[in-house]
Amino acid sequence: MEEDEGVLDLRQYISSLDQSSLPRILQVCSGVYFQGSIYELSGSEVCLSTGDLVKVTGVELLSVCCEDIGTNTTFELPIEHSGLFKLVPEDLPYNTIEEMVGLQPVGVDACGSFTFVNRNEMTIENFTVSAGREITLLSVEISADGNRYARCQLMGQQGVSAEVLIPVSCHGEFYECENERGYSLQEIMLSDRLCKRRFRKTKSNKCGSPLIFTPIYQVQGIMHMRKNIVKFPSSLEVDVIDVTEQCKDLTFVTPLSMAEVVTQPKEAFPTMAEILEEPEANRFFCSSWFKELQKGKHLVLHKWDNTTMVLACTPRGRKAQQYFLISCDYGGQMRRRPREFSSVYDLYVAFSRSPGLRVSVTRHCEAVEEEGIPALSVGEQLEVLKLATVAGPGGERMESLTCRRIMEEDEDEDEDEEDENQGEMTEICLPLFTQAHFVEVLSDKKKYCLAELGKNFSLPLEVKVVNRDRAMEKDPLVGLTALVVEEALKETTVLASLPGRPEQCFALPIRWLQMSLCFTSDPLPWADCQNPELHLEGVTEVTDHFYHEYHMSTQTDMAPPPRPPKRKPSSPSSSKTPKTRAKSKADTANIKSTTLTKKLDSLSLSQTNPIENRRAPPPPPPSESAEEPPPLVPRKPTSVSCSKANTYVQTPRKQKKKQRKTARDSSDSDHDYESVDEILNVPDSIMFY
């Protein structure tokens, strides 16, 4: 489309535009402008004045404008509209089959066949088609002699069909019949022939008004002498003219996204660039350089490369977690820290990544014979050997971690005998579902750089930074109590710096930065042939949003830890060995004795009688001296002070409580304990007195 084709409405021009010919340069001729010729669209101000040049770089279908012919009203539908529409037959007749084929959706882009009738009788060779008989056009074929024929289908009275070839040059008075086939908006807009037809809603009656569809595109372009990208709909009432050939030597500012920057040849770097569109929101980065990425600011782009980085974070604890992207060129030194594990399954995951794992038990773990869990003591050291499937106590198969207890050698025993005994006794099997607590045993006090850690050990690792990176003014990793180095990743980054400090560089990960900039012809901020020595900021602090987004994009379906088997209901006596039952009885006796002692110590004179239906004892027999009070039973001193007489004694209440027999009853004579009756008689004796 050239200038000699005249001025066109913007909507008409964009609808007929071949997108493969982009970019195209348009000149604004005239139009209707609102609010001082400024259109504010999606937060972007677009000003189109007469004479402006716009370089169209992209066109995207947004929606469809529907015009109701009957009511002369318009409304807009999204391109994803789920409703269907059917073709409205044309009122004017077609004179030849060829004319009808050229206007109907038949061929490669056809969405279905259509049916027509001939008002006149038609004879084809020896076959006669009566007037008014419906004919369905299927396709157009070319014969061996080069003539074109329309393959049509004729329906008989009893549903029998027949196909005939009709020359496209055949004359007649042809009218299109209404077709019940429904078309979606996407099908209509993608067909060059369908988008020019009229349609009616499939659910409306024949009296419904026809609809004319007009696509609405979002036009993306560059304004001449302006540095911002503009986006505006093709429905603006603007007249334009195509001046691509006349202005092909005109220079436009070329906005580049971060993904497009890394497509530039490496010979184009270093260069100066200006930020045209800054990142919309700071969702990913906490570093200081992110604040400098503002619209209109200039950057020095040194190069782009595929950078290996490490994702790290602080351990979970009372303080909020911090997250970092660390370059493999980080110059700080680190020392390994022992890892902690809260289950045998966590121990297995760590062992699968780094064999030869040794741990120490940090909490007691009682044995559970029904689940096959052995007892573990604090301080006991284990060496993880392998994962094995063993038979549980109930005969079921379960995955267990085979470990060897690390025991000190006894010098008094023969070493050969000790090795045999340890081979039989020190290996234990820990089911993966066991909830136990371990800490890694480390004897390594060496300092490593980040690259050495990745070569010598498998991640994740827990480390502490002991020496800072001297190339950085402030190392954010120094001072942290611990740092978990999780995994290595590769990111395409652009090495950039500020013009005021071109030697202090930072890496811009293009996958996580949505902004646009343009290359400028400004001189580099250093003298010719004196490129500064670059110092990379090796640590980039990121947000928790970045951390979770990254793991969501790279997560793998990992099997959850196994659950412990369900315990079978059984009586305690049947599930325990005689030795265990004896130990259990002794423990029960000790518990009851301790409980009774606590109750006796806490008794006071004001407490009620805990024995159900117990009457007051009879008065003591009169002594020889009636004036002397009866002697009190001697008692051991308790926590209750009896220096004052208890003048108020509550009436004993009845409480239902089972009487218990303790193991102490049989051995009262051997210990200096008071009997229960003696203690309970004290309040009654005082009352009598």
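Assuming Lys474 fulfils every condition listed in (1) free of Cβ contacts under 8 Å to residues at least 40 places away in the same chain; (2) in contact with an Asp or Glu (Cβ under 8 Å, 6 or more places away or on another chain) apart from one, which condition is it?
Result: Lys474 fails condition (2) only.
Looking at Gly296, Gly331, which one is on the phi > 0 side of the Ramachandran plot, in the same structural domain as Ser516 (by TED's automatic domain parsing) and either in contact (Cβ under 8 Å) with a residue 24 or more places away in the chain or surrounded by fewer than 20 Cβ atoms within 10 Å (Cβ to Cβ) (or both)?
Details: Gly331 fails: on the phi > 0 side of the Ramachandran plot.
Just a single option satisfies the conditions, and that option is Gly296.
Is there any pair with a first residue in segment 174-195 that is surrounded by 16 or more Cβ atoms within 10 Å (Cβ to Cβ) and a second that is in a strand (DSSP E or B) and of a type in the set (A, V, I, L, M) whose Cβ atoms are under 6 Å apart and which are 6 or more apart or on different chains, and what are they?
Tyr175/Val117; Asn179/Leu87; Leu185/Val64
Might you let me know whether segment 308-325 holds any residue that is in the same structural domain as Glu533 (by TED's automatic domain parsing), small (Gly, Ala, Ser) and closer than 29 Å to Ala527 by Cα?
Start the filter on segment 308-325 by keeping residues that are in the same structural domain as Glu533 (by TED's automatic domain parsing), which leaves 308-325.
This time we only want the ones that are small (Gly, Ala, Ser), so: 312, 317, 320.
Among the residues that remain, those that are also closer than 29 Å to Ala527 by Cα are: none.
So far as segment 308-325 goes, no, none of its residues is in the same structural domain as Glu533 (by TED's automatic domain parsing), small (Gly, Ala, Ser) and closer than 29 Å to Ala527 by Cα.
What's the number of the condition Ser497 fails, among (1) touching a Cys at 6+ places or on another chain (Cβ under 7 Å); (2) farther than 19 Å from Glu267 by Cα; (3) not charged (D, E, K, R)?
Unmet for Ser497, out of (1) touching a Cys at 6+ places or on another chain (Cβ under 7 Å); (2) farther than 19 Å from Glu267 by Cα; (3) not charged (D, E, K, R): (2).
Identify, from the list Tyr175, Tyr149, the residue that is in contact with a Leu (Cβ under 7 Å, 6 or more places away or on another chain) and not hydrophobic (A, V, I, L, M, F, W, C).
Tyr149
Looking for something more than 20 Å from Ile373 (Cβ to Cβ), assigned by TED's automatic domain parsing to the domain that holds Gln514 and at pLDDT below 85 - is there at least one such residue anywhere in segment 475-497? Walk me through how you get there before you give the answer.
Start the filter on segment 475-497 by keeping residues that are more than 20 Å from Ile373 (Cβ to Cβ), which leaves 475-497.
The next check asks that each one be assigned by TED's automatic domain parsing to the domain that holds Gln514; those that pass are 475-497.
Those left that are additionally at pLDDT below 85: none.
Within segment 475-497 (the criterion being more than 20 Å from Ile373 (Cβ to Cβ), assigned by TED's automatic domain parsing to the domain that holds Gln514 and at pLDDT below 85), the answer is no, since none of the residues qualifies.
In segment 325-380, which residues are in contact with a Ser or Thr (Cβ under 6 Å, 6 or more places away or on another chain) and within 21 Å of Glu486 (Cβ to Cβ)?
Correct list: Leu325, Cys328, Arg353, Ser354.
Of the numbered conditions (1) part of a loop (DSSP other than H, G, I, E, B); (2) β-branched (Val, Ile, Thr); (3) within 30 Å of Val542 (Cα to Cα), Val378 satisfies every one except a single condition; which is it?
For Val378, the exception is condition (3).
Go through segment 7-30 and report how many residues are assigned to a helix (DSSP H, G or I) and touching a residue at least 40 places away in the same chain (Cβ under 8 Å).
First, pick out the residues of segment 7-30 that are assigned to a helix (DSSP H, G or I): 10-15, 19-21.
Now restrict to residues that are touching a residue at least 40 places away in the same chain (Cβ under 8 Å): 10-11, 13-15, 19.
The number of residues fulfilling the criteria is 6.
Specify the residue that is surrounded by the most Cβ atoms within 10 Å (Cβ to Cβ); the eligible residues are those in segment 196-212 that are touching a Gly at 6+ places or on another chain (Cβ under 7 Å) and at pLDDT 85 or above.
If we filter segment 196-212 for residues that are touching a Gly at 6+ places or on another chain (Cβ under 7 Å), which is where we start, we get 200-202, 209.
Filter again for at pLDDT 85 or above, leaving 200-201.
Working: Arg200: 18, Lys201: 15.
Within segment 196-212, the match that is surrounded by the most Cβ atoms within 10 Å (Cβ to Cβ) is Arg200.
Keeping to segment 361-380, report how many residues are crowded, with 16+ Cβ neighbours inside 10 Å and under 19 Å from Glu340 (Cα atoms).
Counting residues in segment 361-380 that are crowded, with 16+ Cβ neighbours inside 10 Å and under 19 Å from Glu340 (Cα atoms) gives 5.
Which residues, taken from segment 453-492, are of a type outside the set (Gly, Ala, Ser), part of a loop (DSSP other than H, G, I, E, B) and surrounded by fewer than 16 Cβ atoms within 10 Å (Cβ to Cβ)?
Looking only at segment 453-492, we keep the residues that are of a type outside the set (Gly, Ala, Ser), and these are 453, 455-457, 459-470, 472-478, 480-481, 483-487, 489-492.
Next, only the ones that are part of a loop (DSSP other than H, G, I, E, B) stay: 457, 459-460, 468-470, 472-478, 480-481.
Correct list: Arg470, Glu473, Lys474, Val478, Thr481.
Of all residues in segment 426-452 being among the aliphatic types (A, V, I, L, M) and assigned to a strand (DSSP E or B), which is farthest from the chain's Cα centre (by Cα)?
First, pick out the residues of segment 426-452 that are among the aliphatic types (A, V, I, L, M): 428, 430, 432, 436, 439, 441-442, 450-451.
If we keep only those that are assigned to a strand (DSSP E or B) as well, we get 428, 430, 439.
Working: Ile428: 39, Leu430: 33, Val439: 30 Å.
Out of the qualifying residues, it is Ile428.
Might you check whether a residue that is acidic (Asp, Glu), over 26 Å from Gln333 (Cβ atoms), under 23 Å from the mean Cα position of the chain (by Cα) and loosely packed, with under 15 Cβ neighbours inside 10 Å occurs anywhere in segment 512-527? Explain how you work it out, then say what you get.
From segment 512-527, those acidic (Asp, Glu) are 522; that's our starting set.
Those still in the list that are over 26 Å from Gln333 (Cβ atoms) too: 522.
Narrowing the set further to residues that are under 23 Å from the mean Cα position of the chain (by Cα) leaves none.
No, segment 512-527 has no match at all.
Pairs needed: first member in segment 58-77, over 17 Å from Leu194 (Cβ atoms) and touching a residue at least 40 places away in the same chain (Cβ under 8 Å); second member anywhere, of a type in the set (Ser, Thr, Tyr) and surrounded by fewer than 16 Cβ atoms within 10 Å (Cβ to Cβ); C-beta distance under 9 Å; at least 6 residues apart or different chains.
Asp68/Thr74
The values are calculated or read from the model by the stated rules, or taken from the named source; none is laboratory data. Please read these numbers as outputs of a predicted model, since none were measured by experiment. Glycine gets a Cβ as well: all are built from the backbone with ideal geometry, and neighbour counts include every protein chain shown.
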